[in-house]
Every structure is written in C-alpha cells, then in structure tokens.
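Data first, discussion second: the structure below is written as structure tokens.
The values are calculated or read from the model by the stated rules, or taken from the named source; none is laboratory data. These figures come from a predicted structure and were not determined experimentally. Every residue, glycine as well, gets a Cβ built from its backbone with ideal geometry; the counts of neighbours run over all protein chains shown.
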Amino acid sequence: MQFVKRTAGFAALFLVGACASPSVQHATQSADHSAQATGHGVSAVASGAATVSAVPVMAAGSVLAVTGAAIEEVGTGSLNAGVEVFEAGIGARPPATCGPTPRQPDCVTPDGPPRLN
Amino acid sequence: MKRLISLIMLMLVACLPFQAGAGSSAAGNSVLPVAEVATFANRVQQDLAARGASVAIVARVGRDPSMLPDGIRYTHVGFWVYSRITRADGSTGMGYRVYNLYQKQGNLTRSELVQDSPADFFAGAQVLDAGVIIPDPRLQRKLLEVIASPTYAALHNPTYSVLANPGSSQFQNCTEHTLDVLMAAIYDTRDPRRIKANIAAYFEPQNVRLNGLQRLFAPAASQALTTADHGPQVKTATFGSIARFMRANDLASQVYRVTPDRVVGFAG
C-alpha cells in the first residue's frame, strides 16, 4: 500500500504540477476573479488594473503597512501583460565538486559553513 | 501485483500532461473559492507586514497533502518581497510581490520567472496552508540585493524537472532556484559553480523514495519527471529542507505555517 501511495505521490507532483503557475491551474476562472473578490469586500482596488511596477522596499525590523494597490484580487498578476518574465539560462553542465581523489581540474571548493557577518 | 499497479498508474500519467496544462481539467474544478483565496492571501501578507518582513520565503500546497510523497508538504515556493506598487490606473500602495519560477503553460519541461501577486500565488492552492520562512534581517538585505540584480535571472535554468537535484545545474525547479538565490545571497556570489559546491557541502535535500521501475518509466510520461541528474538516490530541495538548513545555520528569524484560522510553528 505504501508503495502505491509513493507512486501516486510522485505522479501527483506532476499532474497538478509542482511550481505550477495559476494560469495553468486556474485559467478558466481567472477572468471574473477581480469582480468577485471586490464584491466580497476583499479587494480595495475596484478596477482590477494590472500592476505596472513594483519597487522593492527594505524596511525590516518594524511593523510594515499593506495598503492600497497591494490588497490584491485574484487573477490579474501573471495573466496580464504587465507581468515581468525573465528568460536566462545557466550552463546545463553540472559543476565539478572537489572530491578527495581523483581531484578534478575545474572543481570548486566549498567556502565554508554559511555565516552571516 | 504492486509493481503492476505502479506501472499502470505511470502509463496513465503518460496520457495526462495535456489535460494538466489545459487549465480546465479536474484541477481547475477543485480550485478553492475566489473570495477565500483572496482573503487568505491578504491574511498572509498582513501577517508578514506585522512581523516587519521585507523578504520572506513562502510555500503553498498545490495538491491534496495525502497524495504527496513522504516528507513533502508544499509544492511551490517563492520569494515575497515588500514593495511599493503602482498600477496601470495610477493607484499605488505598499505590499508584497511574489517572485516565482513557474512551469511554462504548454511545455512543462520549461520554466520562466514570473512576478505576480499574493492572491495569484495562492490561486493554485488546493489547501489554504502557507509555509513561511522569515530570514534573518541581515540575510533579507542580502536577498533583496540579489533579487533586484541581474543575478536573480542569471541563476535561472529554464530546463525544468519536478525532482531536480539541487547539487546539479542540469535541471531546476522553483525550490532549487529559491535555494540558488539564497546561496548567492549568503556567499555574495553569482557563480553557479560556487553555489552548487556550497549546496553539495552544506545543504541536505529531501530524500524521495522511488524505485527503479518508477524512475525508468516516469520520463516516458514526461521529461519533467526525469531523474537523470540523480545518482542512486533521488534527493530534491523542498520548503522543509530549506527550513531545516536555515534553522541549523541560524539564517532564519521565524519559520511557521499560516492557515485561515491560526498561525503555528513549522515542525518539518
């Protein structure tokens, strides 16, 4: 039984999709989400307009405020043209790590345990 | 008999990728009510704001937890970044934007980096349960520098595998990209070879118990299920393994779960 469960679990990760976008899982319902969310008093933004810019703010250590356009409705993020999509790749070749022997010429030695200075 | 059942299940998987990508499949019907999702998304971002988090690692449950492999609770992870937001209609506000690696619609063996809203992040949730890691404030600053720099995109490998090996650059999934960005911030580097060397040395990924038959047939269903980048054991990065790594190395201020009615510690 455990074997079958594990197999089903592995398949489940793919069928619904680990790292799946809402546009994959949710596309058929997204169009009217803004209106529905607003109607339930959830959204502070009635227009449902897409985000055009978001500038990160570093303010750690104190209570922050969530206001205005950030009170989000469902379905206007990744499904709109304003979304930021990056395409870049790194080499597909696995890096060589420095084993004891034989030492690979292009291996990389770890820096040391992670520490915050 | 067990193996026969397993084989049949995997053959069934082979028939389903196009349904899964269509968005109108069974998965779409089981998505939670919109108002609940929006309310929960706002609950999570209000919680983060109350704790003063500029950058957090947040995870969602994209599948019935009882169907997931042992040791895996969450299926998607992204960075939530406190931001000044301006919309097309000129309205502005303060809140969180989510930096995701998502599988591409129509080609699930490829991924793209997408910025969306907290509500969109939870739109794919099957259960309203968020895993949250708030990094140490010093690490938050470092993470923000990486996320706002070209390094964030440079660390993206669009060749996607559900069970990518975080010690290898051959494939990548959302959790591995999160881990790569985390390591880039910790070690002040954008060199993928240094990042992978440090992951191999100090990060313990989640072991996923699969037998040879499962590994053999899964890629026939989709290359997104490949385990070609693994050795005898399949180990992948998960929210839980990142949480354990950060706790063990004093990199996290808080690790917890948010549900619609309570906030509890994360025990994974």
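Worth a mention:
- Looking only at segment B:105-152, residues that are of a type in the set (Val, Ile, Thr) and within 19 Å of B:Val61 (Cα to Cα) come to 5 in all.
- Counted residues, segment B:166-202 - those being farther than 20 Å from A:Asp106 by Cα, assigned to a loop (DSSP other than H, G, I, E, B) and over 16 Å from the mean Cα position of the chain (by Cα): 1
- Residues located in segment B:93-110, provided they are assigned to a strand (DSSP E or B), within 7 Å of another protein chain (Cβ to nearest Cβ) and surrounded by fewer than 23 Cβ atoms within 10 Å (Cβ to Cβ): B:Gly93, B:Met94
- Residue in segment B:48-67 that is facing chain A (nearest Cβ under 8 Å) and within 12 Å of the chain's Cα centre (by Cα) present: yes
- Matching residues in segment B:35-47 - criterion: being within 17 Å of B:Met94 (Cα to Cα), within 7 Å of chain A (Cβ to nearest Cβ) and out of contact with any Pro (no Cβ under 8 Å at 6 or more places or on another chain): B:Ala38, B:Gln46
- Filter pass, B:Asp120 being within 7 Å of chain A (Cβ to nearest Cβ) and either modelled with pLDDT of 95 or more or within 27 Å of A:Ala69 (Cβ to Cβ) (or both): yes
- Within segment B:80-92, considering residues that are of a type outside the set (S, T, N, Q) and free of Cβ contacts under 8 Å to residues at least 24 places away in the same chain, the one surrounded by the most Cβ atoms within 10 Å (Cβ to Cβ): B:Ile85
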